[in-house]
Amino acid sequence: MAVSTAAFNEGRVPQRGRPRDASRDDALRQAALEVMAEVGYRALTMDAVAARARAGKATIYRRWESKLDLVIDTCTQLATQNLAAPDTGSLAGDLREFLSSFAAFLSGPIGKAAQALVGELPHEPELAAAFRETFLISQRDVLRGILDRAAERGELKADAPRGMAVEIAGAALIYRLMLTGDPLDEPFVEKVVEQVLLPLVRVS
């Protein structure tokens, strides 16, 4: 059964036979992440994912039409499960909590897979577009929500560059992850919040 990416993302996947096992889906996504972390996106194959998950290849194809669909869905699920929106009651608290959790997320087993995936985006237009529409937009939406709530509380400057703050917050972590190799630890997150983001947007 062939299922288009658009149909999958819109929740229009036809169902046949027994209901899908969500825990099995998670195991297959985890296997895809592990394989991608080791060999990269281009060398990722459904056969390798099936072997890692100890599943039949047909099991994977019943869920995802191609490795592109599998990786897109995995990115969507990662964003949904790991990018929680904190609401501590203060801008500083929300930024610290979100960036700390995002840093821990990138520093974990998913970090290597993220590096492999991001490195392929310039060469894979479909993947790049899907990544932006799922994982990247989810991350930006959380940060925009943090800034919008801060504005409602009167914490933001009237002319605060919200879009720039969102980009800087994500870029600082990705830069460390992808280029410098320095740890995404709490001291670094604290510096980004206190020395960069708060002076940029918060009322003095």
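Taken together, the values in this text are just the output of simple stated rules run on the coordinates, not laboratory data. Not measured: the values here are computed from a predicted model. Quick reminder, even Gly has a Cβ in these numbers, built from the backbone with ideal geometry, and neighbours come from all protein chains shown.
Observations on the model:
- Rounded FRET efficiency, nearest 0.05, which uses the C-beta distance separating Ala43 from Phe188 and R0 of 35 Å: 0.65
- Relative contact order [Cα under 8 Å, 6+ residues apart], the chain, whole percent: 22 percent
- For region 22-66, the orientation-averaged shadow of the C-alpha convex hull comes to 2.7 nm² (one quarter of the hull surface).
- A Stokes-Einstein calculation at 25 °C with viscosity 0.890 mPa s, built on the Kirkwood radius of the chain over Cα pairs, returns a diffusion coefficient of 134 µm²/s.
- Computed over the chain, the per-residue total of -39500 (n - 2.57) for DSSP H runs of n ≥ 4 gives a 222 nm mean residue ellipticity of -18500 deg cm²/dmol, rounded to 500.
- Oblate is the label for region 95-139, because the ratio a/c of its alpha-carbon gyration tensor axes (a ≥ b ≥ c) is 1.5 or higher and a/b is not greater than b/c.
- Exposed trypsin sites (Lys or Arg not before Pro) absent - longest run of the chain, DSSP non-H/G/I/E/B, at most 15 other C-beta within 10 Å: 63-152
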